[in-house]
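To start, the structure under review is shown below, and the notes come after it.
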Amino acid sequence: MRRYIVEAPPNVCTPTHLARVAEGIAAAAPDVFTCRVLEQAECEAMRMGCYLGVSACSAEPPKFIHLTYKPAGAAPQMCGRTAPALMHQAWHDLIV
């Protein structure tokens, strides 16, 4: 999955596409994953101005994706970090 996201061109791997992928991951393993996708109006209500400012240049609407992994037992360490999927960043920088 990581390689697919990293290698997909930006016209395919849009914020909407990434949101669908994250929702698919959560649906495939609901016992350990939860997904919440914030739309532009929700981001505005949460005063996420910097995020919205960068995404304003995109033709696609912004999608703030919060994909949470909660294993059955205690996680021994942090599993990964993510950053907002901004179209102006290199995709490989988003994957840990």
*Of all residues in region 1-24 being basic (Lys, Arg) and more than 15 Å from CYS35 (Cβ to Cβ), which is surrounded by the fewest Cβ atoms within 10 Å (Cβ to Cβ)?*
ARG3
*asked:* Please count how many residues of region 1-55 are more than 16 Å from the chain's Cα centre (by Cα) and of a type in the set (Gly, Ala, Ser).
replied: 6
*asked:* Yes or no: region 60-73 includes at least one residue that is aliphatic (A, V, I, L, M) and over 16 Å from THR16 (Cα atoms).
replied: yes
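We did not get these values from a lab; they are worked out from the coordinates using the rules stated. All values reported here derive from a predicted model rather than from experimental measurement. FYI the Cβ positions are ideal-geometry reconstructions off the backbone, even for glycines, and counts take in every protein chain you see.
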